[in-house]
Amino acid sequence: MANEAINGENAQFYRHLFLHMDFKNRRKMSPELMHAHQTEGFQFLMDHVDFSLLKIDKTQPNAVRLLLHQLMNNVFQSIASYYLNRDTEQALTIEQIYEHFELVTGWLETGASVQDK
């Protein structure tokens, strides 16, 4: 997703989206399309996730939604960091974006604190 947003044919759209979108403007985007995507996409995930690998089960859809929100926030934050720092000394490469995503996802998976101390 990051590579598509940065190097894909719609990179200018994503650049504008990540640099200028806020909560108020997000609500103006097609609510019907957003609701359909969220409902259908969520059901697809519920049908295809291996819940034996999670501390969440299918009877906890709100917990699944919360986890997905955290993962997507990580994706969006990584892409936004690229665009916000693109023309500065802190500019990120695609590889660094992937590394940041993996780091934060690892924290979600195993925690960020040292265990057994």
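What follows is calculated from the coordinates using simple rules that are stated; it is not laboratory data. The structure displayed is predicted, hence computed values, not measured ones. Cβ: placed from backbone, ideal geometry, glycine included. Neighbour counts: every protein chain shown.
Quick notes
- Neighbours of ILE79 by Cβ distance under 12 Å: Lys/Arg scored +1, Asp/Glu scored -1, total +1.
- Loop-located trypsin sites (Lys or Arg not before Pro) in the stretch 48-86, at most 16 other Cβ atoms within 10 Å (DSSP): LYS55, LYS58, ARG86
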